[in-house]
Amino acid sequence: MTMQLGLKSYLEEHVSIQLFNRACCLAVLALSCSLAVAQSATLAQTPPMGWNAWNHFKGSITDADVRAAADAMVSSGMRDVGYTYINIDDTWEGVRDAQGNIQTNSRFPDMKALADYVHSKGLKLGIYSSPGPGTCAHFEGSYNHEQQDADTYAKWGIDYLKYDLCGLRPIMKEQSKGDQLVASTIMKQAYEKMHQALLNTHRPILYSLCEYGWDSPWLWGQQVGGNAWRTTGDIGDRYDSMSLIGFSQAGLAKYAGPGHWNDPDMLEIGNGGMTPDEYQTHMSLWAILAAPLLAGNDLSKMDDVTRSILVNKDVIAVDQDRLGIQGDRVSAVGPYEIWMKPLDHKAKAVALFNRGPLAEPITIQLKDVGISGSVHGYDLWAHKDLGILKDSYTATVPRHGVVMVRLSR
Ligand code: GLA
């Protein structure tokens, strides 16, 4: 009897928590939907482009490194082809002062002065935090300080926030008692809370959600104000990591569009772990995916090959196409994949990827990418006019490499 009563009250409490959370979430989401749309109407109309410190510098990043990245973004010509955001990732945080205001640590002596410097170069500054009490690298997070932190970011002149789940996970686990729906609701409410805090600052701050694709953020990211959401775990500077992430994005295209993008993580181009062909695959695949293009290398020590991959205007134009339609896989035959992204003026970007160990010819049947008859072709890496193509196009694609063409009438 006691056990039965215990079970009954547990179920009542449990179910009512779930219903409450569901109702709260729906109400909050509905209320914020128009605001979210208002925010995204002006931000990230095309996928964000810039640089992020994490992939190369990890926890050693300093104010001087960020300034050097801003300088190099200008001198390398990256700014002129669209790269805009200079994003500080984890490990800038210090302790809170007596009033609870977040402070920087000694590697970032004056964040406002740093933002002024970045802005003086015609660039924007991004920052990082977590909805939990701590970040992934165990620095201070924004839990219970959301508005205070958003106000501080606005005061400093921040233009972009990456909000990384990490430190909230133990709280989600404890409060949900293992119920995934409750855990998911806690997470969405936390993302929504920071979204409202950012809106309250009246400063346009691009909002990038990072929860590693754990709970299908493409289904709800836009409703909590996200301009982008990570769809996967962390990328590594290896072909297997990059290709596994990139090629697994098939099927997500319908969730992206102007103001709200799927984010398969930052670029590794130039970090040294892949060949030039593999880095071209990385850049091409991210462009076909309309992914954020956030370089992750040391911009101040970039070689010519790295620079030429990052500043390829023809490939960037695919990523940044005005229509904002994410591309998708057309076919996969063994290790040979064909992906297509529809572009403005009825043009199409088509990429032929060779995931195999040897160079091989790959053929696109034009009808498979929705083209009947003949079409004009242009090779986006060779920068070569291919003339008129009829029915099909065949190119030899290097091992782990790509041939990418623009097809237009
Ligand atoms: C997580 C994120 C990374 C990076 C680190 C920083 O792993 O996915 O992109 O921000 O945290 O600690």
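The values are calculated or read from the model by the stated rules, or taken from the named source; none is laboratory data. Small disclaimer: the values here were computed from a predicted structure and weren't measured. Methodologically, a virtual Cβ is constructed for each residue, glycine included, from the backbone with ideal geometry; neighbour enumeration extends over all protein chains shown.
Among all residue pairs at least 6 apart or on different chains, which show Cβ distances below 7 Å where the first residue, located in region 283-301, is free of Cβ contacts under 8 Å to residues at least 60 places away in the same chain and the second is among the charged types (D, E, K, R) and not in a loop (DSSP other than H, G, I, E, B)?
TRP286/ASP319
I'd like to verify a number: residues in region 123-144 that are in a strand (DSSP E or B), surrounded by fewer than 24 Cβ atoms within 10 Å (Cβ to Cβ) and away from the ligand (no atom under 14 Å from the Cβ), how many?
1
Looking at (1) more than 22 Å from LEU198 (Cα to Cα); (2) basic (Lys, Arg); (3) assigned to a strand (DSSP E or B), which is the only condition ARG107 fails?
(3)
Filter region 225-243 down to the residues that are touching a residue at least 40 places away in the same chain (Cβ under 8 Å) and under 17 Å from MET283 (Cα atoms), then identify the one that is nearest to the ligand (Cβ to nearest atom).
In this case the residue turns out to be ILE235.
If I filter region 182-215 down to residues being more than 20 Å from GLY132 (Cβ to Cβ) and surrounded by fewer than 19 Cβ atoms within 10 Å (Cβ to Cβ), which single residue comes out as farthest from the ligand (Cβ to nearest atom)? Reasoning before the result, please.
Looking only at region 182-215, we keep the residues that are more than 20 Å from GLY132 (Cβ to Cβ), and these are 199-204, 206.
Next, only the ones that are surrounded by fewer than 19 Cβ atoms within 10 Å (Cβ to Cβ) stay: 200-204.
Working: ASN200: 25, THR201: 22, HIS202: 27, ARG203: 22, PRO204: 22 Å.
The residue in question is HIS202.
Being more than 11 Å from the ligand (Cβ to nearest atom), modelled with pLDDT of 95 or more, part of a strand (DSSP E or B) and crowded, with 19+ Cβ neighbours inside 10 Å, is that true of even one residue in region 163-171?
No: zero hits.
What's the number of the condition PHE108 fails, among (1) out of contact with any Asp or Glu (no Cβ under 6 Å at 6 or more places or on another chain); (2) within 16 Å of the ligand (Cβ to nearest atom)?
It fails just one condition, (1).
Take the conditions among the β-branched types (Val, Ile, Thr), part of a helix (DSSP H, G or I) and surrounded by 20 or more Cβ atoms within 10 Å (Cβ to Cβ) and apply them to VAL118. Does it pass?
Criteria met by VAL118.
Here is a check on your reading of the model: is HIS345 more than 23 Å from SER243 (Cα to Cα), of a type outside the set (Lys, Arg) and in contact (Cβ under 8 Å) with a residue 12 or more places away in the chain?
yes
Which residue out of ILE316, ILE325, ILE364 is of a type outside the set (D, E, K, R) and farther than 23 Å from GLN45 by Cα?
Criteria check complete, one pass: ILE364.
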